[in-house]
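One structure is given here, and the rest of the page talks about it.
The values are calculated or read from the model by the stated rules, or taken from the named source; none is laboratory data. On a predicted model such as this, the values are computed, not experimentally measured, just so you know. Positions of Cβ are backbone-derived with ideal geometry, glycine not excepted, and every protein chain shown enters the neighbour counts.
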Amino acid sequence: MSAMLETSGLTMRFGGVVAVDRVDVKIHEGELRCLIGPNGAGKSTFFKCLTGQYKPTSGTVHLREHDVTGWDSFAIARLGVGIKTQVPSVFDGLTVRDSVLIAARRRYGAILARKRTDEVLGRIGIEDIAGKPVGLLSHGSRQLVELATVVASEPDLIILDEPTAGMTAEETARTAALIRQLNERHAIVVVEHDMQFIRSIAKTVTVFHQGRVLIEDKVDVVLNDPVVRDVYLGKEPIRAAVGRVAA
Amino acid sequence: MNAALKTTWGPIALAALAALAVCWFLPATLELFALINATVFVSMAILALSLALVWGYGGILCFGQAAFFGLGGYTYAVAAINFGDTTGAVPLAILVPAGFALLLGYFLFYGRISDVYLGVITLTVTLILFKFINSTASDIWTIGTAPLGGFNGIPMTPPLNFPGDMTAMLMPDQIFVLAVIGLFLCYAIAKLILASHFGRVVVAVKENELRAELLGYDVRLYKLIIFTVGGAMAGLAGMFFANCVFVSPTMFSLSYSGQIIIWVIVGGLGTLVGPVIGCILLQMLTNWAGTLEVIDPNLVLGAILVIAVLLLPKGLLPTITGLIRRGDRS
């Protein structure tokens, strides 16, 4: 398998802080890859370097045969990359259908885009709210609308930053099923820290810690690794305790 | 198809009817002075429309729409005096402000200037032009045969003539009709732009710049184009204004820049017709307040702005259409 997305020595500094430190990651065609790590591990910064929202301090990002290091987001998106941000980034003033149509229309002509829009609305399961303004929807629905706009232009690679943030358990399960289904056609990179979710979708997992790649392996190997437990899963008991206090 | 008829062609047809009615009715009933005044209102309405498009749909709060307005007026006056014929001066009065908007917009949008600074910079550019034009009183500030005239402006701004025939000057009623046609065309063009894919992307960029960018749209380009279209329309407005009054530095003044924004807010941001109505109503009101000589018209305008923002935060037109819709439902 050839690498579809490859970073080498990717580094991002903010003043004295090295948020991403010489990261080498390879994503293959058709792969489903999860990036996990505790808060502040550099996942989101890495995500923003991949998607052109940050210009990396050094290192390179290759997308197939293109060196896209420092490219603008729109140019990266035009190469066939769908990008979903952590906080749903949607068009509040437009209807769900118009939002998806605008996304589809970037790649397809008017008639084809309309067909594609209907298909995507069905695939994501939001036809019933197609006529509603996005601004009036619940947080979970907004996440799905954003996902629909991301998928609409049929990208080869989809990069999702915390797709289940703020979702109900049911919505999370639906999203997991959706991601597995999307993976039949698209390569997917998911940045997450919901472990339940990771377990349900992941094949290969890359763990970030303090800006570096700690380990990269099959999901069960990673989740049983003692070092990973220390830096990441070690927080589980604390969270459980907090949950008990809150309850 | 049905939706396009309802949201685009229907309103354009209605606007055409309204324009026809106004062209039929007003020149026959108004006296000369009132008709020239009406032409001024129409030119201002074009100016309001230009900002309605740039701000209301493009999300670009341009505090310097008066800059393009003034440039349009001055370009027209200078070109008309030099050519002796206004046929070539009219397209120039549109192209020069559009070109200036393109240049200014290039630095603003490709430099990724944030919204607040965009307002500050556009306002400053207008004031720089105001200061500059004010200081052109001496004879060295002459373009061809046209002296810029500093504070006094160009009192001998020639009125439009029949295209290609410089001896056949248009009468005030003909200029009025032309201005109404100009307003209608600007409205129709704006409507068609908004109905196109380009226009939808412009609105999407206003809604969420990041999302539009992540979907693969170069937001800088879309903003630049809509900003340039707005500059062209404001230039046309300046050309008509120059025809009824004459060009002077006040076209670039702070009070104009501020007024345009008030028209749009009072009329209804995010609509095209609202700012046009707001502009004409407020012009009539401030004119009337001026004739009373009891109170400063600017004070009246300020009071109206405050009241409108407090009582009709969405503006006149959206409030009225909202009431009608609520009435339908009950």
Query raised in the report: If only one of B:52, B:4 is more than 15 Å from residue B:232 (Cα to Cα), in contact with a helix residue (DSSP H, G or I) (Cβ under 9 Å, 6 or more places away or on another chain) and not acidic (Asp, Glu), which one is it?
Result: B:4
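For segment A:121-134, what are the residues that are of a type in the set (Lys, Arg) and either more than 16 Å from residue A:84 (Cβ to Cβ) or in a strand (DSSP E or B) (or both)?
The one that is of a type in the set (Lys, Arg) and either more than 16 Å from residue A:84 (Cβ to Cβ) or in a strand (DSSP E or B) (or both): A:132.
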Query raised in the report: Before we move on, is residue B:204 surrounded by fewer than 20 Cβ atoms within 10 Å (Cβ to Cβ), in a helix (DSSP H, G or I) and in contact with a helix residue (DSSP H, G or I) (Cβ under 7 Å, 6 or more places away or on another chain)?
Result: no
Query raised in the report: In the list A:55, A:43, which residue meets the criterion of being surrounded by fewer than 17 Cβ atoms within 10 Å (Cβ to Cβ), in contact (Cβ under 8 Å) with a residue 12 or more places away in the chain, under 29 Å from residue A:142 (Cα atoms) and not hydrophobic (A, V, I, L, M, F, W, C)?
Result: A:55
Query raised in the report: In the set A:218, A:132, which member is surrounded by fewer than 16 Cβ atoms within 10 Å (Cβ to Cβ), free of Cβ contacts under 8 Å to residues at least 24 places away in the same chain and over 13 Å from the mean Cα position of the chain (by Cα)?
Result: A:218
Report summary line: Reported set for segment A:135-163 where residues are assigned to a helix (DSSP H, G or I), in contact with a helix residue (DSSP H, G or I) (Cβ under 8 Å, 6 or more places away or on another chain) and more than 23 Å from residue A:35 (Cβ to Cβ) is A:141, A:145, A:152
Query - Condition broken by residue B:86, with the remaining ones in (1) touching a strand residue (DSSP E or B) at 6+ places or on another chain (Cβ under 9 Å); (2) at pLDDT 90 or above satisfied - result: (2)
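Select from segment A:80-95 the residues that are within 17 Å of residue B:201 (Cα to Cα) and touching a Pro at 6+ places or on another chain (Cβ under 8 Å) and write down the one among them that is farthest from the other protein chains (Cβ to nearest Cβ).
A:95
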Requested in this report: Give the residue, chosen from A:170, A:119, that is among the acidic types (Asp, Glu), modelled with pLDDT under 90 and farther than 19 Å from residue A:77 by Cβ.
Outcome: A:170
Query raised in the report: What about residue A:116, is it more than 8 Å from chain B (Cβ to nearest Cβ), basic (Lys, Arg), surrounded by fewer than 24 Cβ atoms within 10 Å (Cβ to Cβ) and out of contact with any strand residue (DSSP E or B) (no Cβ under 8 Å at 6 or more places or on another chain)?
Result: yes
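Which strands (runs of 3 or more DSSP E) does segment A:1-85 wholly contain that include 2 or more residues that are touching a strand residue (DSSP E or B) at 6+ places or on another chain (Cβ under 6 Å) and farther than 26 Å from residue A:148 by Cβ?
Values: elements: A:3-14, A:17-28, A:32-36, A:58-63, A:81-84.
Qualifying strands (runs of 3 or more DSSP E): A:3-14, A:17-28, A:58-63.
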Requested in this report: Take segment A:100-112 and flag every residue that is within 19 Å of the chain's Cα centre (by Cα) and facing another protein chain (nearest Cβ under 9 Å).
Outcome: A:103
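So, in segment B:209-249, exactly how many residues are aromatic (Phe, Trp, Tyr) and either touching a strand residue (DSSP E or B) at 6+ places or on another chain (Cβ under 6 Å) or away from chain A (no Cβ under 14 Å) (or both)?
Residues meeting the conditions: 4.
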Report summary line: Expected output for segment B:143-160 (first residue farther than 11 Å from residue B:74 by Cα, partner part of a loop (DSSP other than H, G, I, E, B) and modelled with pLDDT of 85 or more, Cβ below 6 Å, 6+ apart or cross-chain) is B:150/B:136; B:160/B:86; B:160/B:170
Report task. Could you identify the single residue in A:135, A:122 that is within 13 Å of chain B (Cβ to nearest Cβ) and either of a type outside the set (Lys, Arg) or touching a strand residue (DSSP E or B) at 6+ places or on another chain (Cβ under 9 Å) (or both)? Result -> A:135
Report summary line: Selection from segment A:58-79 of residues within 14 Å of chain B (Cβ to nearest Cβ) and buried (at least 19 other Cβ atoms within 10 Å of the Cβ) yields A:63, A:68, A:73, A:74, A:76, A:77
